[in-house]
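Structure record follows, encoded as structure tokens.
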Amino acid sequence: MCEWERDPYTASCAYDAGNYYYTLGTRTETVTHTTTYPPATISASLSGCTLVNGWCASPSSLVLTGSEPVSGYTIQAIEGTINGGGLGCSGASCTVPLSEGANAFTYWAFSDWGDTSEMGSTSQGQDTQPPTISGTVNGTTGDNGWYITNAVVSASAADAVSSVSLTCSLDGASPAAYTGALTLTDGTHTVVFS
């Protein structure tokens, strides 16, 4: 008789005319292969922006561009938020004008593969109006626009959107941070605020 042990999937044992014999069988296994495709992506860039101290000083837009790396599939739409409100465009690109002041964006792309890109985010301020500077001169005036006492010159700056800093230059010196009123004594002086 067949006394050896064999894998029942690969062998069998039989008796015929006084002889025992075995035959090898077959074994089928299913192997699953998983292919991981890269996800859709989205990128952002500024258009029309002239940066001044980190702010766009000209009317500007944020350009969003989605990309689907899997052949045969495309980006169907781009969605996101600007300052908490919704934004959306069909297709693989979206141009969003910046508002005056601070702008905070989130954004993502939808693919007809059935996935979305990872969410992106950025922030960019826009201030297209220049700041204003006002100044005063205090002292006792004499003839022909001259002062007969020391002249005290002061200034201030303001901007409707962003913060400002003020510098001054006295008699051609390099500009320095303005920290308070300047007292001018005898002579001709030139004061430049910026």
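Inspect all residues belonging to the range 65-81 and state whether any of them is within 30 Å of G114 (Cα to Cα), at pLDDT below 90 and aromatic (F, W, Y). Don't jump to the end; show me each part of the working.
Here is the first cut: in the range 65-81, the residues within 30 Å of G114 (Cα to Cα) are 65-81.
Next cut, at pLDDT below 90 only: none.
The answer is no, given that none of the residues of the range 65-81 is within 30 Å of G114 (Cα to Cα), at pLDDT below 90 and aromatic (F, W, Y).
Assess whether G187 counts as being open to solvent by less than 50 Å² (accessible area, probe 1.4 Å) and part of a loop (DSSP other than H, G, I, E, B). Spell out the reasoning first.
Values: open to solvent by less than 50 Å² (accessible area, probe 1.4 Å): yes; part of a loop (DSSP other than H, G, I, E, B): yes.
Yes.
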Open item on the list: Pairs please, first residue from the range 40-56 and over 23 Å from Q76 (Cα atoms), second anywhere and acidic (D, E) and open to solvent by less than 50 Å² (accessible area, probe 1.4 Å), Cβ atoms under 6 Å, 6+ apart in sequence or on different chains.
Closed with: W55/D127
- [ ] Return yes or no: is F105 within 15 Å of V63 (Cβ to Cβ) and of a type in the set (F, W, Y)?
- [x] yes
Task: Residues of the range 87-108 satisfying the condition of being more than 15 Å from the chain's Cα centre (by Cα) and of a type in the set (A, V, I, L, M) - done: L87, A92
TODO: Kindly list the number of the only condition in (1) out of contact with any Gly (no Cβ under 8 Å at 6 or more places or on another chain); (2) more than 30 Å from A77 (Cα to Cα) that fails for T149.
DONE: (1)
Task: Identity of the residue in the range 151-177, exposed (fewer than 13 other Cβ atoms within 10 Å of the Cβ) and either more than 24 Å from N53 (Cα to Cα) or not hydroxyl-bearing (S, T, Y) (or both), that ends up modelled with the lowest pLDDT - done: A160
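Look through S156, S174, S162 and report the one residue that is over 30 Å from V70 (Cβ atoms) and either in contact with a helix residue (DSSP H, G or I) (Cβ under 7 Å, 6 or more places away or on another chain) or not in a loop (DSSP other than H, G, I, E, B) (or both).
Values: S174 fails: either in contact with a helix residue (DSSP H, G or I) (Cβ under 7 Å, 6 or more places away or on another chain) or not in a loop (DSSP other than H, G, I, E, B) (or both); S162 fails: either in contact with a helix residue (DSSP H, G or I) (Cβ under 7 Å, 6 or more places away or on another chain) or not in a loop (DSSP other than H, G, I, E, B) (or both).
Going through S156, S174, S162 in turn, the sole match is S156.
The values are calculated or read from the model by the stated rules, or taken from the named source; none is laboratory data. None of these values were measured; they are calculated from a predicted model. FYI the Cβ positions are ideal-geometry reconstructions off the backbone, even for glycines, and counts take in every protein chain you see. These accessible areas exclude ligands, DNA and RNA; they are computed on the full protein's heavy atoms, side chains included. Shrake-Rupley method; radii C 1.70, N 1.55, O 1.52, S 1.80 Å.
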